[in-house]
Amino acid sequence: MCIRDSALAEGRPIHIAHVNAYCRGQITGDPLLEASRALKALAEAPAARSESYLSLWNGTSARVVDSAPRSHVTRTCLLTGGYPPTAAGMEEAILAGWARVHGTLEGKIELLPPALGLESYRMRDSSVYVSFPVNSPGAAIALAIAKSGDSFSINALSTDGGGIPRNTTLEQGLALVRFGALSMKDLVRKASLNPAQMLGLPEKGRLSPGADADVVVVDPDTHAVSWAVVEGQIVVRDGSVVGRGGRLVTSKRGVAALTEKEMPSRVVVPDWMR
């Protein structure tokens, strides 16, 4: 489908989310070919905005209904790994490490080891989230670094929902910098400036007069965050989260519901969507 001529968009701005998740080789058998097709389609849709993520792991529900995973994404992932899309196949995949259950270890959300994952899965009657290593590294890297002139073909790097076990933008983005596939300036643009502009937050994503005092200090060897400052307030100190609260970004249509729930919010209207 050509995005530009899509009946869904009808010439209006459109956001194409986590492009790499649709370049797994499931259609052609070649993830790089599918990534190439995606880049071509986006080049023909200048009003579109897009992002991709770098984690090899996806995220989906493990919930089983009537002896089969309710999610068709989960069924496809099981088949990709050679497991039947059944309740028994789900347990086999978890025990083998092909499906990793999301859980808490030492106070952090992690992809649990197989035995612990299966225990959590059974204890919660399959109502857990799981990740499968189904994303193509070749497609992810190609989409992350592709450019058209001075502009990135895929506007930004994302986290596909931000689930902590897959929130690897900084770690793997810096690995691409170390490899030489991206410059540090490139990474800042894709992981900070461009996402802020896409969300309609012009004072975010940059350090300059008029911008918020947002700073992240990273260990250059481990790629771990040691300090983080948001609007001048320390939220991470010596690698530990000390900040609390936050605000939700919403449209005018969402304010009433958030106010009713006493949730702080901010209305934004991104320029590219006007």
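Taking segment 134-158 on its own, how many of its residues are surrounded by 14 or more Cβ atoms within 10 Å (Cβ to Cβ), out of contact with any Lys or Arg (no Cβ under 8 Å at 6 or more places or on another chain) and over 19 Å from LEU33 (Cα atoms)?
Result for segment 134-158: 1.
Pairs please, first residue from segment 174-194 and at negative phi, second anywhere and among the basic types (Lys, Arg) and not in a helix (DSSP H, G or I), Cβ atoms under 6 Å, 6+ apart in sequence or on different chains.
LEU193/ARG206
Just need a number here: residues in segment 37-69 that are open to solvent by 30 Å² or more (accessible area, probe 1.4 Å), closer than 22 Å to ILE27 by Cα and out of contact with any Pro (no Cβ under 6 Å at 6 or more places or on another chain).
So the count comes out to 6.
What residue, of GLY232, GLY254, GLY243, is of a type in the set (Gly, Ala, Ser) and loosely packed, with under 10 Cβ neighbours inside 10 Å?
Residue meeting the stated conditions: GLY232.
Select from segment 118-132 the residues that are small (Gly, Ala, Ser) and within 22 Å of the chain's Cα centre (by Cα) and write down the one among them that is farthest from ALA93 (Cα to Cα). Please lay out each step first, then the result.
Within segment 118-132, the first condition is being small (Gly, Ala, Ser), and the residues that meet it are 120, 126-127, 131.
When the remaining residues are screened for being within 22 Å of the chain's Cα centre (by Cα), the result is 127, 131.
Values: SER127: 16, SER131: 11 Å.
If we take residues in segment 118-132 being small (Gly, Ala, Ser) and within 22 Å of the chain's Cα centre (by Cα), then SER127 is farthest from ALA93 (Cα to Cα).
Say whether the condition of being outside any strand (DSSP E or B), over 24 Å from ILE154 (Cβ atoms) and not small (Gly, Ala, Ser) is met by at least one residue in segment 190-200.
No, segment 190-200 contains no residue that is outside any strand (DSSP E or B), over 24 Å from ILE154 (Cβ atoms) and not small (Gly, Ala, Ser).
Pairs please, first residue from segment 125-154 and farther than 30 Å from THR104 by Cβ, second anywhere and of a type in the set (S, T, N, Q) and crowded, with 17+ Cβ neighbours inside 10 Å, Cβ atoms under 6 Å, 6+ apart in sequence or on different chains.
From segment 125-154, the pairs are ALA139/ASN20; LEU143/ASN20; LEU143/SER52; ALA146/SER153; ILE154/SER50; ILE154/SER52.
Within segment 98-133, take every residue that is part of a loop (DSSP other than H, G, I, E, B) and over 26 Å from ALA68 (Cβ atoms) and give me the one that is least open to solvent (accessible area, probe 1.4 Å).
Looking at residues that are part of a loop (DSSP other than H, G, I, E, B) and over 26 Å from ALA68 (Cβ atoms), I get GLY107.
Just one of GLU203, GLU171 is of a type in the set (Asp, Glu), at pLDDT below 95 and under 16 Å from the mean Cα position of the chain (by Cα); which is it?
Result: GLU171 is the single residue among GLU203, GLU171 that is of a type in the set (Asp, Glu), at pLDDT below 95 and under 16 Å from the mean Cα position of the chain (by Cα).
Among the residues that make up segment 16-36, is at least one of them exposed (fewer than 13 other Cβ atoms within 10 Å of the Cβ) and more than 30 Å from SER148 (Cβ to Cβ)?
no
I'd like to verify a number: residues in segment 214-262 that are assigned to a loop (DSSP other than H, G, I, E, B) and over 21 Å from ILE164 (Cβ atoms), how many?
7
The values are calculated or read from the model by the stated rules, or taken from the named source; none is laboratory data. No experiment lies behind these values; they were computed from the predicted model shown. For neighbour counting, all protein chains shown are included, and Cβ atoms are generated from backbone atoms with ideal geometry for every residue, glycine included. For accessibility, only protein heavy atoms count, side chains too; no ligands or nucleic acids. Shrake-Rupley method; radii C 1.70, N 1.55, O 1.52, S 1.80 Å.
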